[in-house]
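Undergrad: So that we are looking at the same thing, I have put the structure below in structure tokens.
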Amino acid sequence: MKKNLIAIIALTAALAASTSAFADTVQISEEELNKPVSTYAPDAMPTPEIQGDIMLLNGEETDVAAPVETASYISVDVTVVKTDSDVDGIIKTTTDVNNKDDQNNTVNLKITDDTLVYDNLGNKKALSDLTDGSKITVFTGSYEPTPLILPVQYTANVIIINGDQEGNVNIDTYLADEEGYTNAANTLKIATADDTKIVDK
């Protein structure tokens with residue numbers, strides 16, 4: 001206790017000495033104090049001028065970084081460990097079935113009234129179709145708040161039950177253009193035909 005007290009006093013003295021030494025080095029003349037505020041910054045702050053992919057800053061060209069295209073949803077492939085949880089509306093899953101008891105591999109899925117469940121062929125399913133051992137892909141909103149807790153917990157916006165038959169599902173926001181629809185991540189363009197079936201959720 002006595003050593004800790006001495007260390008705190010020594011640290012406080014060192015900080016006070018360094019602060020006062022720094023304060024002594026800052027001097028502002030009477031003339032500087034009486035100047036209008038706008039003249040403190042010579043040439044003021046430069047105003048950037050953006051032209052396409054180039055930004056002019058004080059007359060010098062600088063490359064502008066291209067905007068990052070982000071998917072509206074992120075996905076995680078997991079295996080259901082336990083569908084009946086002690087916490088209502090939570091399904092326990094794992095990213096590694098060989099080490100499913102490790103919290104670092106556990107992903108808890110928060111189920112809401114809006115959670116959609118389909119198989120990987122596009123057939124509508126129910127939460128009751130999930131069983132222990134089901135391999136699923138879970139989509140959650142990219143900007144959905146995620147609590148900083150272990151195990152990780154995501155709100156399940158869409159659950160895809162992956163069956164034996166091959167099928168591909170992409171969950172994203174799609175923007176219409178002349179050629180069809182392009183997802184927000186700009187990784188998939190869907191060309192539509194007259195018989196293309198488009199439905200909302």
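Undergrad: Check Lys125 against each of (1) buried (at least 16 other Cβ atoms within 10 Å of the Cβ); (2) closer than 22 Å to Thr79 by Cβ; (3) of a type outside the set (Phe, Trp, Tyr) and name the one condition it does not meet.
TA: Lys125 satisfies every listed condition except (1).
Undergrad: Moving to a separate point now. How many residues are among the small types (Gly, Ala, Ser) and modelled with pLDDT of 75 or more when one looks only at segment 55-94?
TA: Number of matching residues: 4.
Undergrad: Please work out which one of (1) β-branched (Val, Ile, Thr); (2) assigned to a loop (DSSP other than H, G, I, E, B); (3) closer than 21 Å to Val199 by Cα is the condition Thr187 fails and give its number.
TA: (3)
Undergrad: Given the condition under 16 Å from Ser72 (Cβ atoms), without any contact (Cβ under 8 Å) to a residue 24 or more places away in the chain and in contact with a strand residue (DSSP E or B) (Cβ under 6 Å, 6 or more places away or on another chain), answer yes or no: does some residue in segment 160-167 qualify?
TA: Of the residues in segment 160-167, the ones under 16 Å from Ser72 (Cβ atoms) are 160.
When the remaining residues are screened for being without any contact (Cβ under 8 Å) to a residue 24 or more places away in the chain, the result is none.
No; the residues of segment 160-167 include none that is under 16 Å from Ser72 (Cβ atoms), without any contact (Cβ under 8 Å) to a residue 24 or more places away in the chain and in contact with a strand residue (DSSP E or B) (Cβ under 6 Å, 6 or more places away or on another chain).
Undergrad: Something else: Have a look at Asp164, Asp200 and point out the one that is at pLDDT below 90, over 25 Å from Lys92 (Cα atoms), among the acidic types (Asp, Glu) and in a loop (DSSP other than H, G, I, E, B). Outline the logic, then answer.
TA: Numbers: Asp164 fails: over 25 Å from Lys92 (Cα atoms).
Within the list Asp164, Asp200, the selection yields Asp200.
Undergrad: Right, something else. Given the conditions (1) surrounded by 13 or more Cβ atoms within 10 Å (Cβ to Cβ); (2) farther than 17 Å from Asp200 by Cα, report the number of the one that Val117 does not fulfil.
TA: (2)
Undergrad: Please specify each residue of segment 168-181 satisfying the condition of being farther than 14 Å from Leu121 by Cβ, surrounded by 13 or more Cβ atoms within 10 Å (Cβ to Cβ) and free of Cβ contacts under 8 Å to residues at least 60 places away in the same chain.
TA: Tyr174, Gly180, Tyr181
Undergrad: Looking only at segment 95-119, filter to residues that are assigned to a loop (DSSP other than H, G, I, E, B), within 14 Å of Val78 (Cα to Cα) and in contact with a strand residue (DSSP E or B) (Cβ under 7 Å, 6 or more places away or on another chain); which one of those is modelled with the lowest pLDDT?
TA: By that ranking, first place goes to Lys100.
The values are calculated or read from the model by the stated rules, or taken from the named source; none is laboratory data. Computed from a prediction, not measured in an experiment: that's the story for all the values here. Backbone-built Cβ (ideal geometry, glycine too); neighbour counts: all protein chains shown.
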